[in-house]
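Here, each number is a calculation from the coordinates, and none is a lab measurement. In this text the structure is predicted, and so the values were computed from the model without any measurement. Because the Cβ atoms are built from the backbone with ideal geometry, glycine has one as well, and the counts that use them run over all protein chains shown.
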Amino acid sequence: MVIAFQQAACGYGGTMLLSQIDLDVAPGSFHFLTGPSGSGKTSFLKLCYMELRPSHGSLRILGEDVRAMSRDRVAATRRRIGVIHQNCQFLDHLPLDANIALPLTIEGDSAPGADLDDLLSWVGLGHRRGALPPELSGGERQRAALARAVIGQPEIILADEPTGNIDWDMARRLLHLLIELNRMGRTVLIATHDLALIRAAKSEVAARVLRIRGGQVQPAAADL
Amino acid sequence: MRLPSLFRTERSPGSVVPPSGFTARLLVLTAAAMAFLAVFSLALALAAGRMAERWSQALSQTATVRIMAHQGEEAAATRAVLAILETTPGIAAARALTLKEQRALLEPWLGPGLAVESLPLPQLVEVTEAASGFDAEGLRLRLAAEVPGAVLDDHTRWRRPLAAAAGRLRAFGLLAVALITVALAALVTLAAQSALAANAQVIEVLRLVGARDVTIARAFTRRFTLRTLAGAGAGTALGMLGVWMVRTRAGEEVVLTGLGFEGAQWALALLIPPMAGVVAFWATRTAALASLRRIT
Ligand SMILES: Nc1ncnc2c1ncn2[C@@H]1O[C@H](COP(=O)(O)OP(=O)(O)OP(=O)(O)O)[C@@H](O)[C@H]1O
Ligand SMILES: [Mg+2]
């Protein structure tokens, strides 16, 4: 299991938000997470990339117990997880290509080569590589965030409302990128309240849909 | 952390933090001012140290007895004085100066070729004080009673407080250097903290892509260390130039113009920029790691 929750719970400053999470995310699986605004979708993803720690129960990510991880270990594990934030942030003073290459260059691991060009054209930003992030449209930012999330060949890709700012055509294109990555063996977890997106995906991959209701994470009904 | 990584430029993590023109210039300027002050404090401490040493050395041998006697009675008076000194506790040795020695003492003042013999010169007796010291007042009374015209010049009495004052001046100089170091550390810490706060978004992005704390901290330490080094380098150069300009030629040195470095002491001043760099590195790193540990 790449992500394994056991009786996990989390919250902010004493108030419980999610509880009794029992969930296994298998390698190579495709998950959707849905639920009303404010139900805790973003918080759930934060658990998955260790920005939030479970207050109860256990959580194992890529085989390691998050409670036992040192700060450096967390950083190293994050380099195996690609995250697309709900409001994607960048280093506003660096051009787009440097921002997208950041997961590769930050720890001096490797320099981006031709992959970067491929990736940029794959997300349709080949012509914008020199632009500064504040000059990008909302949709361009979201695609740039996707490119940054996947450049390090992560095993897990977490996307928080990846289609929030973009039109339906662009949303489908983005979804296809994620499905393609899943076919290459990556585990994908998308938080969204866009049911049309989930339906569109279900026709192409065996996606599991989870729903947050009353602080519990449960499988959604088959008909959504 | 390896120091050479500070100077890596290609794809250096320094560039992940946006430049901050005004604060940067302010830090460079302050580092320069502090290094300048440090050079002067150091020069003061070293000069005071030399002064204290010279006066302490002089202390051990500078009591003299001056004998003014009537013509023909000089030899007898000198013998009497030597006899008294021999029996005075606390005096290690006493020796009458020869005429040649006395002439050598006067030459700097009256010029060579002077017929010293024709002058009514007092006979000088050099008194070497033992470590225990002697009772100057008692000796003075005894001399006055037994050899009229013999006067004790006890230089130690006015040199000792001067030597002590010079020693305190040196301590002040060193204290000033220490305070400047502490102030620099505090200042760099404040500057680093404001930079960390201003770059909260940058830090969040870096953590998201899996940067370790030391990597993020390095982006800041590198920048602050280099700026402090640059500022301190300029300030030290200016300070050394200033000290060099108030220097004196050998032998001219008195209390005020004695400010300066001698020989290897110049190298000591050259240690100021690297020391400032080390202080800045340490202060920034501590501030950065502490503030990073506060976020999950
Ligand atoms: N850092 C925080 N401190 C305190 N409360 C928080 C924090 N982040 C989120 N919350 C609260 O937790 C709840 C769930 O927030 P979360 O962002 O996980 O919801 P969401 O399902 O992602 O909502 P949306 O669909 O609007 O993005 C909300 O009530 C929110 O106010
Ligand atoms: Mg959310």
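Of the residues A:L210, A:L197, A:L45, which exhibits the maximal mean-square fluctuation in a Gaussian network model of chain A defined by a 10 Å Cα contact cut-off?
Of A:L210, A:L197, A:L45, the most mobile in the Gaussian network model is A:L197.
Roughly how far apart, in whole Å, are the Cα centres of the range A:49-69 and the range B:256-296?
First find each Cα centre; the distance between them is then 41 Å.
Near A:K202, which lysines are there with a Cα under 21 Å away, not counting those fewer than 8 places off in the same chain?
A:K41
Assuming R0 = 51 Å, what is the FRET efficiency of A:R67 and B:A267, from their Cβ-Cβ distance, to the nearest 0.05? Working shown, then result.
Numbers: r = 53 Å, r/R0 = 1.05.
Efficiency, rounded to the nearest 0.05: 0.45.
Please compute, for peptide A:72-81, the average count of beta-carbon atoms on other protein chains lying within 10 Å of each residue's beta-carbon. Could the numbers behind the result be given before it?
On the way: counts 4, 1, 5, 10, 2, 1, 6, 4, 1, 3.
Other-chain Cβ atoms within 10 Å of each residue's Cβ, averaged: 4.
Where the eigenvalues come from the Cα gyration tensor of the range A:128-183, what are the semi-axes √(5λ) of the equivalent ellipsoid, largest first, in whole Å?
Numbers: eigenvalues 70, 44, 17 Å².
Calculated on Cα positions only, the semi-axes equal 19, 15, 9 Å.
Within 10 Å of each Cβ in peptide A:41-53, how many partner chain Cβ atoms are there on average? Round it to a whole number, please. Don't skip to the answer; put the middle values down first.
On the way: counts 0, 0, 0, 0, 0, 1, 0, 0, 3, 2, 5, 1, 1.
What the average comes to for A:41-53 is 1.
Would you list A:M50, B:M68, B:M34 from fewest to most Cβ contacts within 10 Å? It would help to have the intermediate numbers written out before the result.
Working: A:M50 20, B:M68 14, B:M34 23.
By the 10 Å Cβ count, ascending, the order reads B:M68, A:M50, B:M34.
Between B:A178 and B:S132, what is the label-point separation in nm under the 7 Å Cα-to-beta-carbon projection?
Roughly 3.7 nm, to one decimal.
Would you look at the GNM of chain A, springs on alpha carbons closer than 10 Å, and say which of A:G124, A:G35, A:G82 moves the most?
A:G124
For A:98-108, what's the mean count of beta carbons from other chains sitting within 10 Å of each residue's beta carbon? It would help to have the intermediate numbers written out before the result.
Numbers: counts 3, 3, 0, 2, 7, 4, 1, 6, 13, 7, 6.
Mean inter-chain Cβ contacts per residue within 10 Å come to 5.
Please find, in a Gaussian network model of chain A (springs between Cα atoms separated by less than 10 Å), the residue of A:A191, A:A114, A:A200 whose mean-square fluctuation is greatest.
Between A:A191, A:A114, A:A200, it is A:A114 that shows the largest mean-square fluctuation.
Between B:R140 and B:Q201, how high is the FRET efficiency from 1/(1 + (r/R0)^6) when r is the Cβ-Cβ distance and R₀ = 51 Å? Nearest 0.05. Before the final figure, lay out each step's value.
On the way: r = 82 Å, r/R0 = 1.60.
My answer for the efficiency is 0.05.
Of the beta bridges DSSP finds with both residues in chain A, what % are antiparallel, to the nearest 5? Present the calculation step by step, with values, prior to reporting the outcome.
Details: 18 of 36 bridges.
Once the DSSP bridges in chain A are tallied, antiparallel ones form about 50 percent.
Would you list B:D213, A:D169, A:D22 from fewest to most Cβ contacts within 10 Å? Kindly include the intermediate steps, with their values, before the conclusion.
Working: B:D213 20, A:D169 8, A:D22 13.
If I rank by nearby Cβ atoms, fewest first, I get A:D169, A:D22, B:D213.
In nm, give the distance between the simple-model label positions of B:Q71 and A:R213, each being 7 Å from the Cα along the Cα-to-Cβ direction.
Modelled inter-label distance: 13.5 nm.
Viscosity 0.890 mPa s, temperature 25 °C: give me the Stokes-Einstein translational D for chain A in µm²/s, with Rh taken as the Kirkwood radius over C-alpha pairs.
Working: Rh = 17.9 Å.
D = 137 µm²/s.
Considering only DSSP beta bridges where both residues belong to the protein assembly as shown, give the percentage that are antiparallel (nearest 5). The partial results should precede the final answer.
Numbers: 33 of 51 bridges.
Restricted to the protein assembly as shown, the bridges split so that about 65 percent are antiparallel.
Output needed for the protein assembly as shown: three equivalent-ellipsoid semi-axes, defined as square roots of 5 times the C-alpha gyration tensor eigenvalues, in descending order, whole Å.
Details: eigenvalues 1477, 114, 42 Å².
Taking √(5λ) for each eigenvalue gives 86, 24, 15 Å, largest first.
Cross-link partners among aspartates and glutamates for B:K100, C-alpha distance below 19 Å, same-chain residues fewer than 8 apart left out?
Answer for B:K100, where 19 Å is the Cα cut-off: B:E74, B:E117, B:E126, listed by chain and number.
Run the simple label-point estimate for B:L105 and A:D22 please: 7 Å along Cα→C-beta, distance reported in nm.
10.6
Taking 60 Å as R0, compute the FRET efficiency from the Cβ-Cβ separation of B:L97 and B:S20 and round it to 0.05.
E(calc), rounded to 0.05, equals 0.25.
Order of A:D97, B:D135 from fewest to most other C-beta atoms within 10 Å?
B:D135, A:D97
Find me the longest stretch of chain B that has none of the exposed GluC sites (Glu not before Pro), where exposed means in a DSSP loop (not H, G, I, E or B) with at most 14 other Cβ atoms within 10 Å. Let's see the in-between values first.
Numbers: sites that count: B:E10, B:E73, B:E252, B:E262.
It runs B:74-251.
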